[in-house]
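Have a look at the structure below before the remarks.
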Amino acid sequence: MKKKEFKTESKKLMDLMINSIYTNKEIFLREIISNASDAIDKLHYMSLTDKQIKVNKKDFEIFLSIDKDKRTLSIKDNGIGMSKEELETNLGTIAKSGSEEFKTENEHKKNIDIIGQFGVGFYSAFMVAEKVEVISKKYGSDKAYKWESSGIDGYTITDSSKDDYGTEVILTIKPDSEEENYSKYLETYEIESLVHKYSDYITYPIKMEVSHTHLKDKKNESDKDEYETVTEIEVINSLTPIWRREKKNVSDDDYNTFYKDKFNDYETPLRHMHIKAEGTFEYNALLYIPSHAPYNYYSKEYEKGLQLYSNGVLIMERCADLLPDYFSFVKGVVDSPDLTLNISRETLQQNRILKTIANSIENKIKKELETMLEENKEDYEKFFKDFGLQLKYGIYNDFGMHKDKLQDLLIYTSSIDEKTTTLKEYVERMKEDQKIFTMPVVKQ
């Protein structure tokens with residue numbers, strides 16, 4: 001069959017997307033899984049409004065499989081699927097987003113959490129694949145079609161066979177080169193790692209065949225050790241993030257375990273803040289005040305920032321814009337459906353919502369520190385020993401612009417009893433006739 005050309009200035013745009021828009025090759029899996037999640041979302045939503053659509057939410061899933069001999073990685077979903085015309089429209093036109101179109105058509109209805117926006121994420125597959133096949137069968141149809149492309153040269157759409165509705169994306173992984181080890185995307189542990197990193201909180205189970213090697217039970221103590229490998233289908237994502245769960249259903253151990261695993265710390269944090277903000281904008285956050293400073297905290301190598309998610313999908317490992325420098329010690333995650341992402345979903349477009357979330361988080365942190373200072377002086381002294389210098393610098397920096405905000409968080413050693421005191425406490429216990437001495441201002 002003769003290949004069809006991509007619509008728009010396909011070759012230039014495809015080359016731009018593969019080589020310029022995305023800076024990190026591994027995000028291809030995030031994009032395809034997000035598309036699969038969107039397809040399931042669409043079918044689920046339609047089943048709520050159309051009684052003729054008979055589906056069970058419990059049956060929805062995304063299945064990953066690897067064939068090392070064929071060098072293929074497959075991502076399969078049982079979502080809405082695509083007709084021949086939709087394959088042509090959505091995959092034959094670069095930057096055409098079926099998800100965005102669906103969202104626009106139903107914008108008057110609530111609770112539609114569609115991840116995709118720009119219709120370019122799918123093409124990130126060509127960063128790691130020399131050929132991409134999409135086999136799809138729309139729900140309610142008896143026909144399946146295959147879209148196939150090796151990149152900028154174009155694509156074909158042919159009749160195909162598929163037992164059930166949904167879509168399967170098959171990537172033929174590129175051969176290794178001196179610059180890139182593409183074969184790692186054919187390793188189960190690597191795919192599991194990428195799912196945990198980027199797509200761990202997709203709301204549908206992501207399943208995969210996983211092999212485990214076990215020591216076989218001995219019949220006699222004198223028998224030699226023998227091992228067996230068992231392959232099982234497992235759900236490899238966490239589904240519901242801890243920050244979206246009700247506080248009453250999360251224990252302190254749950255919070256502390258998440259912190260240690262997520263941020264590779266061996267010590268329990270001093271405080272955690274579980275935030276759920278609703279109103280003109282929405283976000284969920286889980287913030288932590290560590291019990292000690294990282295070894296590189298007061299160095300140029302230290303990078304501040306909170307992990308940023310959009311609808312449970314990791315967008316940025318460290319979003320520095322969410323924390324002021326004087327609160328750079330805070331660790332945590334922020335998840336919001338209201339953020340405006342750039343075309344690659346790797347970075348954010350600066351917008352009012354991001355700044356509003358940052359201001360809200362700053363106030364929450366300040367309030368938590370004030371509460372700790374008031375209710376548990378011992379913990380606060382421990383905190384201040386490691387991070388007090390950062391608060392002092394916050395007062396000094398920017399020409400004292402944040403002095404009023406931070407001054408009550410500073411503590412000093414009293415000359416009377418060697419205990420710590422705040423400026424506010426010092427003033428409150430001053431004698432009536434006590435004079436306040438200030439340093440004279442030296443005029444230049």
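The values are calculated or read from the model by the stated rules, or taken from the named source; none is laboratory data. What you are looking at is a predicted structure, and each value in this text was computed from that prediction instead of being measured. Cβ atoms come from the backbone with ideal geometry, glycine included; neighbour counts cover every protein chain shown.
Figures for the structure shown
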| quantity | calculated |
| --- | --- |
| Enumeration of residues in the range 40-59 that are assigned to a loop (DSSP other than H, G, I, E, B) and surrounded by fewer than 17 Cβ atoms within 10 Å (Cβ to Cβ) | D50, K51, Q52, I53, K54, N56 |
| Qualifying residue in the range 282-294 (condition: surrounded by fewer than 19 Cβ atoms within 10 Å (Cβ to Cβ) and touching a His at 6+ places or on another chain (Cβ under 8 Å)) | no |
| The one condition in (1) at pLDDT 95 or above; (2) assigned to a strand (DSSP E or B); (3) farther than 16 Å from N363 by Cβ; (4) of a type outside the set (F, W, Y) that I275 fails to fulfil | (3) |
| Scan of the range 217-261 for residues that are under 27 Å from S65 (Cα atoms) and assigned to a loop (DSSP other than H, G, I, E, B), ordered by number | I236, N237, S238, L239, T240, P241 |
| Failed condition for A95, given (1) closer than 21 Å to S160 by Cβ; (2) modelled with pLDDT under 90 | (1) |
| Within the range 127-166, considering residues that are in a strand (DSSP E or B) and more than 20 Å from L73 (Cβ to Cβ), the one nearest to the chain's Cα centre (by Cα) | K137 |
| Among (1) of a type in the set (G, A, S); (2) modelled with pLDDT under 95; (3) in a strand (DSSP E or B); (4) within 30 Å of K2 (Cα to Cα) - the single one S211 does not satisfy | (4) |
| Some residue of the range 193-204 being assigned to a strand (DSSP E or B), aliphatic (A, V, I, L, M) and assigned by TED's automatic domain parsing to the domain that holds N56 | no |
| Of all residues making up the range 283-317, the number that are part of a loop (DSSP other than H, G, I, E, B), touching a Pro at 6+ places or on another chain (Cβ under 7 Å) and either modelled with pLDDT under 90 or among the polar types (S, T, N, Q) (or both) | 3 |
| T104, sole failed condition from (1) out of contact with any Ser or Thr (no Cβ under 8 Å at 6 or more places or on another chain); (2) polar (S, T, N, Q); (3) modelled with pLDDT of 95 or more | (3) |
| So L239, is it at positive phi and without any contact (Cβ under 8 Å) to a residue 60 or more places away in the chain | yes |
| Any hit, the range 211-218, residues being of a type outside the set (A, V, I, L, M, F, W, C), surrounded by fewer than 17 Cβ atoms within 10 Å (Cβ to Cβ) and in contact (Cβ under 8 Å) with a residue 40 or more places away in the chain | no |
| Identity of the residue in the range 353-408, at pLDDT 95 or above and of a type in the set (V, I, T), that ends up surrounded by the fewest Cβ atoms within 10 Å (Cβ to Cβ) | T371 |
| Cβ-Cβ under 9 Å pairs, at least 6 apart or on other chains, the range 60-84 side at positive phi and surrounded by fewer than 23 Cβ atoms within 10 Å (Cβ to Cβ), far side of a type in the set (A, V, I, L, M) and not in a strand (DSSP E or B) | R71/L186 |
| Out of E179, E221, sole residue that is farther than 22 Å from G121 by Cα and at pLDDT 85 or above | E179 |
| The range 50-71 - residue that is of a type in the set (D, E) and out of contact with any Pro (no Cβ under 6 Å at 6 or more places or on another chain) and, of those, nearest to E133 (Cα to Cα) | D67 |
| Selection count where residues are among the hydroxyl-bearing types (S, T, Y) and more than 18 Å from I170 (Cα to Cα), scope the range 140-158 | 1 |
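Results for (1) part of a helix (DSSP H, G or I); (2) without any contact (Cβ under 8 Å) to a residue 24 or more places away in the chain; (3) acidic (D, E), shown as yes or no for each residue.
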| site | (1), (2), (3) |
| --- | --- |
| E378 | yes, yes, yes |
| K385 | yes, yes, no |
| Y396 | yes, yes, no |
| D404 | yes, yes, yes |
| Q407 | yes, yes, no |
| D417 | no, yes, yes |
| E425 | yes, yes, yes |
| D433 | no, yes, yes |
